[in-house]
Amino acid sequence: MKAAGRSAGFRLEGQDAFVLHSRPYRESSLIVEAFTRDHGRVALMARGARRPRSALRGTLLSFQPLQLSWGGRGELRTLTRAEWRGAYAPLKGEALICGFYLNELLLKLLPRDDPHEQLFSAYLETLAQLGEGAERPPALRRFEMCLLRELGYAVILDRDVEHGMPVAREENYVYVVERGPVPEADAPQGGVELSGQTLLDMQSGVFASAATQQQSKLLMRTLINHCLGNQVLHSRQLLRDLQEL
């Protein structure tokens with residue numbers, strides 16, 4: 001039986017995980033934020049990981065599948081072992097910044113000690129797609145939609161919330177935050193304008209057309225900004241800067 005969060009046993013062995021972020025702690029250690037399959041986002045102290053002869057040195061890298069072991073019951077646990085579980089193709093250029101974007105989303109939106117196995121699988125799949133050179137916008141939109149679902153934010157795409165009617169691909173709609181799509185003629189001020197075709201494409205996970213890619217990007221950015229509140233995503237600015245070079 002899986003034990004999640006602070007009810008977990010004192011020591012956990014061989015947990016599938018990825019490093020989201022790490023920062024120096026004291027003279028030779030690291031604080032590692034990890035995303036794990038069975039325990040969600042956890043904070044781990046890697047004692048001595050910055051020492052030249054540490055077994056952890058060079059292992060705690062982002063975007064590489066790991067198995068982590070740790071002990072402790074508090075919010076900050078102690079990392080005891082980290083092992084590679086194979087390697088992904090290295091992320092470069094825009095794909096690398098997209099990886100940072102995924103990690104930043106998880107760090108800022110995912111509560112600690114809250115397991116999300118489907119989101120973990122989506123993260124793993126998205127990293128593989130980015131590393132293989134797949135088209136980035138569809139991969140990011142699918143991950144964003146999975147993240148919002150896992151956070152309990154229902155993204156309604158298949159019906160008009162004003163009248164309860166199925167979305168018509170030939171009609172135009174306005175997506176109202178915390179409500180959903182309403183016909184353009186009935187829409188209040190604000191919201192994201194998009195076509196019925198885009199809504200249905202997003203519902204089916206198809207992002208082939210340029211219009212769907214553009215409109216879905218604007219919608220997901222609006223919904224994610226709403227969830228972030230006043231938090232800023234620095235990876236977005238990095239990507240904009242890179243695209244302007």
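Quick notes on this structure:
- Any hit, the stretch 71-87, residues being open to solvent by 50 Å² or more (accessible area, probe 1.4 Å), closer than 30 Å to residue 133 by Cβ and among the small types (Gly, Ala, Ser): yes
- Residue list for the stretch 22-32, restricted to those being within 17 Å of residue 64 (Cβ to Cβ) and either among the aliphatic types (A, V, I, L, M) or surrounded by 20 or more Cβ atoms within 10 Å (Cβ to Cβ) (or both): 30, 32
- Figure legend. Inter-residue proximity from the stretch 81-92: first residues of a type in the set (A, V, I, L, M) and modelled with pLDDT under 90, second residues assigned to a loop (DSSP other than H, G, I, E, B) and surrounded by 12 or more Cβ atoms within 10 Å (Cβ to Cβ), beta-carbon distance below 9 Å, spacing 6+ or different chains. Indicated pairs: 87/64; 87/65.
- Criterion violated by residue 118 - all others in (1) modelled with pLDDT under 95; (2) loosely packed, with under 14 Cβ neighbours inside 10 Å satisfied: (1)
- Any chance residue 10 is open to solvent by 80 Å² or more (accessible area, probe 1.4 Å) and of a type in the set (Phe, Trp, Tyr): yes
- In the stretch 40-53, residue farthest from residue 118 (Cα to Cα) [restricted to those that are touching a residue at least 24 places away in the same chain (Cβ under 8 Å) and open to solvent by 10 Å² or more (accessible area, probe 1.4 Å)]: 50
- Meets criteria (in contact with a Gly (Cβ under 8 Å, 6 or more places away or on another chain), part of a helix (DSSP H, G or I) and within 21 Å of residue 32 (Cβ to Cβ)) for residue 102: no
- Count of residues meeting criterion [over 28 Å from residue 115 (Cα atoms) and of a type in the set (Lys, Arg)] in the stretch 150-206: 2
- Any hit, the stretch 95-107, residues being of a type in the set (D, E, K, R) and surrounded by fewer than 17 Cβ atoms within 10 Å (Cβ to Cβ): no
- Selection status of residue 92, within 17 Å of residue 149 (Cα to Cα) and open to solvent by 50 Å² or more (accessible area, probe 1.4 Å): no
- Across the stretch 56-66, a minimum of one residue is classified as assigned to a strand (DSSP E or B), of a type outside the set (Phe, Trp, Tyr) and open to solvent by less than 20 Å² (accessible area, probe 1.4 Å).
The values are calculated or read from the model by the stated rules, or taken from the named source; none is laboratory data. All of these numbers come straight from a predicted model, not from anything done at the bench. Using ideal geometry, Cβ is built from the backbone for each residue, glycine included, and neighbour counts are taken over all protein chains shown. Note: accessible area is taken over every heavy atom of the protein model, side chains too, but ligands, DNA and RNA are not part of it. Shrake-Rupley method; radii C 1.70, N 1.55, O 1.52, S 1.80 Å.
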